[in-house]
Amino acid sequence: MYKYVAKYFIPSRVFKFCNLTAIPTFIIGLIAFLLSSYFVIYSLPADVEQQEIYRILFIHVPSAILSELIYLFLAVNGFIYLVWRTKISAIFLNSAISIGLIFTAIVLISGSIWGKPTWGTYWVWDARITSTFILLIQYIGLIALRSSFSSKQTTDQILSIVSIIGAVNIPIIKFSVDWWNTLHQNASITTSGSAIDSEMLIGLPLMLVSLLFLSFSIFARNIQFEILTRTGKTSAMREIING
Amino acid sequence: MIRKNRLNKIYLIIFFLLSVGLITFFILRALEKNIDLYLTPSEVKAADFNQFDDFKLGGMVKVGSLQKLEGLEISFIVTDFQSEMTVIYEGVLPNLFKENSGVVATGSLNPEQNQFIATEILAKHDENYMPVKIEVQN
């Protein structure tokens with residue numbers, strides 16, 4: 001398996017791939033984001049209970065999904081790095097942290113804005129909100145750790161270990177609304193179906209995909225930056241950069 | 001094939017992750033009472049705590065129980081479908097506060113009248129989203 005997978009993840013190949021895809025995915029993502037924003041704001045019907053304000057859902061929920069998935073991605077890469085010592089997974093880990101931080105911040109801010117008119121408060125220390133706030137601190141901590149050590153190898157190892165430990169928080173965020181009494185409502189989309197009417201539900205995957213494209217383009221640029229700072233001086237990289 | 005030393009590393013990480021998970025589990029179990037944002041009426045009746053302390057009471061607003069008293073003062077019954085508690089509140093209400101809908105009230109018990117005097121009301125909405133059907137009348 002190693003030789004089939006690993007040969008596609010040589011830094012120079014990944015660099016080329018990222019160089020090729022960063023701008024197209026950004027353009028596709030931006031257009032998709034603007035179109036689906038227009039769609040969810042103007043075309044979808046208002047909600048019976050919450051009226052127009054429920055439309056924040058379409059930025060809140062995809063960001064929440066992404067903030068948690070990106071953290072799992074960090075932990076998986078940390079695991080692979082610790083076991084197989086593959087440089088590229090350390091590069092992936094380093095490049096994804098800032099994107100996860102952005103989405104966690106978006107979740108908390110959009111949730112605050114949403115909370116005031118519906119719940120009656122911007123912030124309350126319930127289990128869902130507190131665990132998401134801890135996720136934000138985890139991302140900030142990882143970013144702080146990135147620049148705390150002089151050796152890249154030490155940094156990568158510490159980041160891997162910390163991101164694996166922090167993954168414990170992800171199931172807590174997910175199940176916090178089931179385990180404890182929270183002000184935050186339960187999950188709308190479960191294995192038994194969706195509590196969001198199918199007419200409105202379509203906006204969710206649209207926003208999710210466009211945000212995925214946008215975050216991939218940032219991710220690709222971060223990877224390029226990360227590869228250059230690590231291997232920019234090698235002759236193979238020089239050839240690629242100089243064409 | 002995974003080499004032996006790598007397999008050992010995988011076991012080590014899994015063991016490590018499991019122990020961190022277990023530690024978190026026990027910490028959360030120990031803090032269980034403090035993590036819950038609110039107590040339900042049955043929990044309040046079962047609990048033996050200082051009645052003058054502030055706490056949060058949560059549940060559904062019982063259908064037909066919402067009454068306007070003088071001024072901005074209202075009273076309603078919070079129910080968890082097992083026991084009930086009367087709540088008195090004076091102030092501004094959130095938009096989504098209504099009968100047969102979730103509510104979380106901050107305040108303290110009035111022991112003489114078995115009432116809950118609320119200082120803050122938060123609305124707890126459910127996970128259902130339904131489109132508004134505009135009925136066109138010709």
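Nothing in this text is a laboratory measurement; each read-out follows from the coordinates by a stated rule. Note that the structure is predicted; figures quoted are calculated from it, not measured. Neighbour counts run over all protein chains shown; Cβ positions are idealised from the backbone, glycine included.
Overview of results
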| quantity | calculated |
| --- | --- |
| Point-charge dipole on Cβ atoms (K/R +1, D/E -1) for the protein assembly as shown, about Cα centre, debye to 20 | 3240 debye |
| With Cα atoms, 0 to 90° folded angle of helix B:4-30 axis to chain B main axis | 30 degrees |
| Label-to-label distance, nm, for residues given as residue B:130 and residue A:175 (7 Å Cα→Cβ offset) | 3.2 nm |
| Helix axis angle, A:11-38 relative to chain A longest principal axis, alpha carbon, degrees | 20 degrees |
| Computed Kirkwood radius, in angstrom, where 1/r is averaged over Cα pairs of the protein assembly as shown | 23.9 Å |
| Candidates B:99, B:73, B:127, ranked by Gaussian network fluctuation over chain B, Cα under 10 Å, top entry | B:127 |
| Cut-off under 5 Å, modelled amide H: who pairs with residue A:168 long-range | none |
| When each of A:174/B:98; B:45/B:124; A:152/A:233 is checked by Cα-Cα distance, pairs over 20 Å | A:174/B:98; B:45/B:124 |
| Globularity ratio of region A:24-123, using Cα Rg and 2.2 N^0.38 Å | 1.37 |
| Region B:1-80: Rg to Rh, with Rh as the Kirkwood radius over Cα pairs | 1.38 |
| Top positive-direction residue, dipole computed over region A:87-243 with Cβ charges, set A:194, A:172, A:142 | A:142 |
| Cα long-axis angle, helix A:57-84 against chain A (0 to 90 degrees, to the nearest 10) | 30 degrees |
| Rel. contact order, % - alpha carbon contacts under 8 angstrom, at least six apart, chain B | 19 percent |
| Centre separation in Å (Cα based) which lies between region A:50-111 and region A:183-243 | 8 Å |
| Stokes-Einstein D for region A:70-113, Kirkwood Rh over Cα pairs, 20 °C, 1.002 mPa s (µm²/s) | 192 µm²/s |
| Prolate/oblate/rounded label for chain B (Cα gyration tensor, a/c 1.5) | oblate |
| Gyration tensor (alpha-carbon) shape descriptor, region B:1-43, a/c threshold 1.5 | prolate |
| Low-density loop positions, chymotrypsin sites (Phe, Trp or Tyr not before Pro), region B:1-84 - DSSP coil, at most 15 other Cβ in 10 Å | B:49, B:52, B:81 |
| The protein assembly as shown: calculated mean residue ellipticity at 222 nm from DSSP helix runs of at least 4, using -39500 (n - 2.57) | -19000 deg cm²/dmol |
